[in-house]
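Have a look at the structure below, then the notes.
The values are calculated or read from the model by the stated rules, or taken from the named source; none is laboratory data. This one's a predicted model, so the numbers in the text were calculated from it and none came from an experiment. All Cβ positions, even for glycine, are placed from backbone atoms using ideal geometry, and neighbour counts span all protein chains on display. Ligands, DNA and RNA are excluded from the accessible area calculation, which covers all protein heavy atoms including side chains. Shrake-Rupley method; radii C 1.70, N 1.55, O 1.52, S 1.80 Å.
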Amino acid sequence: MAPRRVRVLGAMLAALLCATLVSACSNTAPAPDGEDNAVLIDSGTTANVGWDLWAWEDGSRLCMGMGDESGPNTAQNAAAPGQLSGSQCGFNDKTQGKTYYVSAQNAGNGPPTVALLFGPVPSAAASVQVTSKITLKTAAFPSGAGLPSVRYWVWAGPYQPPASDGTLLAIPKPLNAQGKAVAFQAY
């Protein structure tokens, strides 16, 4: 039997993912001011599901979200059926669940199959630990694109990670080049 802490962490993650699934069906971030300030920062394919990750600023708030090659999902650029969708503006260190975002893809009416986790981290964060066994490198936002001088991370994988990936952390842990924790900040 799993220790209580692991069960609680699992329940918290399940609740977060379930809440995200509900919100992933709509676009939570506003449309960028003139699509020109949205920047494609990463893309890939996971389990035959393509994804494009965009970043932009809405006023003074950093926004990150899913889209396609033409731009982030907005009222003007709706997500296609089966596409990963959802976005968030205003990442911070104070509100539970606002340090990163989870988008999940559901093929048909069955359970979700693919999850994409992403978020910004301070420029001092060279990596981010997302599970008890997985630490990812971070990347800088493109310079000259009107985005903050910070870094981001993205993890695409199975909705239910295998045990070999370790236990998902309720809050990913940014780390500097020496492996020491870096505090989140507001964006």
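Based on the Cβ-Cβ distance of A177 and A78, what FRET efficiency does E = 1/(1 + (r/R0)^6) give at R0 = 45 Å, to the nearest 0.05?
With R0 = 45 Å, the Cβ-Cβ based efficiency is 0.65.
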Handout entry: Efficiency of FRET between D58 and S164 - r from beta-carbon atoms, R0 30 angstrom, step 0.05
Key = 0.20
Handout entry: Listed residues I41, I171 arranged by accessible area, highest first, probe 1.4 Å
Key = I171, I41
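Could you grab the relative contact order for the range 99-187? Cα pairs under 8 Å, six or more apart, rounded to a whole percent.
Rounded, it is 33 percent for the range 99-187.
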Problem - Mean Cα-pair separation over length for the range 72-129, i.e. relative contact order, pairs under 8 Å, 6 or more apart, % - result: 25
Handout entry: Nitroxide proxy distance, nm - points 7 Å out along Cα→Cβ at K137 and S149
Key = 2.2
Handout entry: Convex hull of Cα atoms in the range 42-187, direction-averaged projection (nm²)
Key = 9.2
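Beyond 14 Å, what share of the Cα-Cα pairs of the range 34-97 is found? Please give it as a whole percent.
Tail of the P(r) past 14 Å holds 57 percent of the pairs.
So which trypsin sites (Lys or Arg not before Pro) in the range 39-104 are both in a DSSP loop and have at most 10 other Cβ atoms within 10 Å of their Cβ?
K94
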Practice task
Please report, to two decimal places, log10 I(q)/I(0) for the range 71-117 at q = 0.14 Å⁻¹ as given by the Debye formula with identical point scatterers on the Cα atoms and no solvent.
Solution key: -0.44
Handout entry: Reciprocal of mean inverse Cα separation for the range 102-187 (Kirkwood radius, Å)
Key = 13.9
